[in-house]
Amino acid sequence: MTTAVPTAVSSAVPSAVPTAGANTLQSVLAAVGPPVLQALCLPRGPDVVAGEPVLLDIAEGVAPGPRTLLLAVGCRPADPVTASAIRQAAAAEVAAVVVKAYGDDLAPAVRAAESGRIALLLVDDAVPWPHLHLLLSATVAGDRGARREPLSAVVTGDLFALANAVAAMVGGAIAIEDPHQHVLAYSNVPGQPIDDARQAGILGRRVPAEFRLADLYDQVRRSKSVQRVEVPGIRPRLAAAIRAGDEPIGSIWAIEGNDGFPPDAERALADAARLASLHILRLRTTADLERAARGEALRAVLLGRPGPAVEVLPTVDSHDVTVVGFQIDGSADDADGTLLARTADLVTVFCESQHRMAACLTLGGTIYALLPTGRGADRAVLPALVGRVLTRAFESLRVRLRAGIGGTVGDLAAVAHSRADADRVLQVLAERVDGPAVATIADVRSRTILLHLQDIIAGDPRLSLEVLDRMCAHDADKGTGYLDTLRAYLDCFGDVPTASSRIFLHQNTFRHRMRRMTEIFGLNLDDPDERLVLWLLLRASG
């Protein structure tokens, strides 16, 4: 059982007073914050100076420099090796050790930290260590040195507030973009001039195609300094890459106002770019945690085991919900699963952009999305939305998907039924090589019923007809085609001209086969019950 995280941490007078502008454990915890990072114990108080994050290498022992943040990768809190590493870190004057709970008792690690008078921090299990390393690196880099008050006052994660603060400093409208030129946030300071590119980018939440200049963005991304951008037809801009370490994670753009940029505009934008990396990483981490929680809850309801965690899924009080299953076309080469993972990311991002409560999960080779569905006529928009996902997947990844839309349900307990519907639709679509790529359960209901009957028949020998088994054996042994002839006859409701042309036989030959069939196997096709059962079994068998 995991020890509860203390509501108050132990503290004492810090061993040294931090210099002005230095990072402290308090500033790091405030910037990253729960649920990502929290303190288990702070024996020397929160004002201990905090430096760069360092990954612990157990094989090499603890050898980080003083004041670093030691990330105890792979160390379990209850393991004696972890306690030993904490004591070594304390001796090396490390600022703090960061651990994950992994469901362990936290008490042994806390005791070792308190004994060594070193801070112990807890990171959420769902946060990848490399991501935490980037987040902490951005935090300490952003806090290093003097920071302008308008920027330091912005709450971490509020990109719109950051954009407004920067706009006030540089005297021009601000836009913050991701690496794909999607607009993450923008300023709305009254009176600042904008142009058509800015207006279209805000309305569409993406830079318009005519201004999406690859060379220009590459120049901004590669540069370590603020770039002045001049493109015919739009106002001049300043632009800076936003980085987490060496990884470009976005860019920030300032439009020149009527009075031009102030002398310190480039410095202000550079400061803002450093701070924006922390905001973006914090938002990304929070989104990853929320996405992981929704994924686990979705797994439970898809498997028919809903529990308390389903509160993170779309509420059925205001929405019905529908499961949509996506599969990659069988001809795609994805031996290592990379394509499936990239496709799942694309589906997730697209669905979440349509509804913030959408939940996505990959089970086997199928990507499932649980989507809130409007009631009544609004349900008609779902196939169009799914079609756009398929279009985006082909445009971005050159992958062809098929999508099965399950039945809409009003209870999370019934989500497993919607998933079963989606699976059936995907099964039907896989059979139809030249058929549509998207279908609802209503579109293929008749075929899915036959597939369901096929499963029932296959699992119960009492539901087979001995005459069909004999006919199949006879065809295999003698090279006759009685099964195909009977299937064509029943499919065409006894219309011999149509049935014979379907299997490319002369009508007289077809009639002769039918007579021989009744003689050899004792069929009574005048009995409507026998005709129906024969036809159902043949249809269910494909």
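In table form, for the structure just shown:
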{"read-out": "Lone qualifier among 50, 96 - being closer than 26 Å to residue 246 by Cβ, touching a residue at least 40 places away in the same chain (Cβ under 8 Å) and touching a Lys or Arg at 6+ places or on another chain (Cβ under 9 Å)", "value": "50"}
{"read-out": "First in the stretch 347-376 and under 20 Å from residue 417 (Cβ atoms), second anywhere and among the acidic types (Asp, Glu) and assigned to a helix (DSSP H, G or I), Cβ under 7 Å, 6 or more apart", "value": "358/352"}
{"read-out": "Per-region count, the stretch 127-152, residues of a type in the set (Gly, Ala, Ser) and at pLDDT 75 or above", "value": "1"}
{"read-out": "Residue match in the stretch 432-440 (condition: in contact with a His (Cβ under 9 Å, 6 or more places away or on another chain), of a type in the set (D, E, K, R) and in the same structural domain as residue 362 (by TED's automatic domain parsing))", "value": "no"}
{"read-out": "Residue that is surrounded by the most Cβ atoms within 10 Å (Cβ to Cβ) [pool: residues in the stretch 73-127 that are more than 10 Å from residue 41 (Cβ to Cβ) and touching a Cys at 6+ places or on another chain (Cβ under 7 Å)]", "value": "99"}
{"read-out": "Number of the exception - residue 485 against (1) in a helix (DSSP H, G or I); (2) more than 30 Å from residue 527 (Cβ to Cβ); (3) of a type in the set (S, T, N, Q)", "value": "(2)"}
{"read-out": "Within the stretch 450-482, tally of residues that are in a helix (DSSP H, G or I) and polar (S, T, N, Q)", "value": "1"}
{"read-out": "Given (1) surrounded by 13 or more Cβ atoms within 10 Å (Cβ to Cβ); (2) under 23 Å from residue 524 (Cα atoms), number of the condition residue 461 does not satisfy", "value": "(1)"}
{"read-out": "Some residue of the stretch 78-95 being closer than 27 Å to residue 275 by Cβ and out of contact with any Phe, Trp or Tyr (no Cβ under 7 Å at 6 or more places or on another chain)", "value": "yes"}
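Rundown of residues vs (1) farther than 20 Å from residue 26 by Cβ; (2) free of Cβ contacts under 8 Å to residues at least 40 places away in the same chain; (3) of a type in the set (Val, Ile, Thr), yes/no style:
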position	(1), (2), (3)
70	no, yes, no
75	yes, yes, no
79	yes, yes, no
86	yes, yes, yes
100	yes, yes, no
111	yes, yes, no
120	no, no, no
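The values are calculated or read from the model by the stated rules, or taken from the named source; none is laboratory data. If you're wondering where the values come from, they're calculated on a predicted model, not measured in any experiment. In this analysis, Cβ positions are derived from the backbone assuming ideal geometry, glycine residues included, and neighbour counts consider all displayed protein chains.
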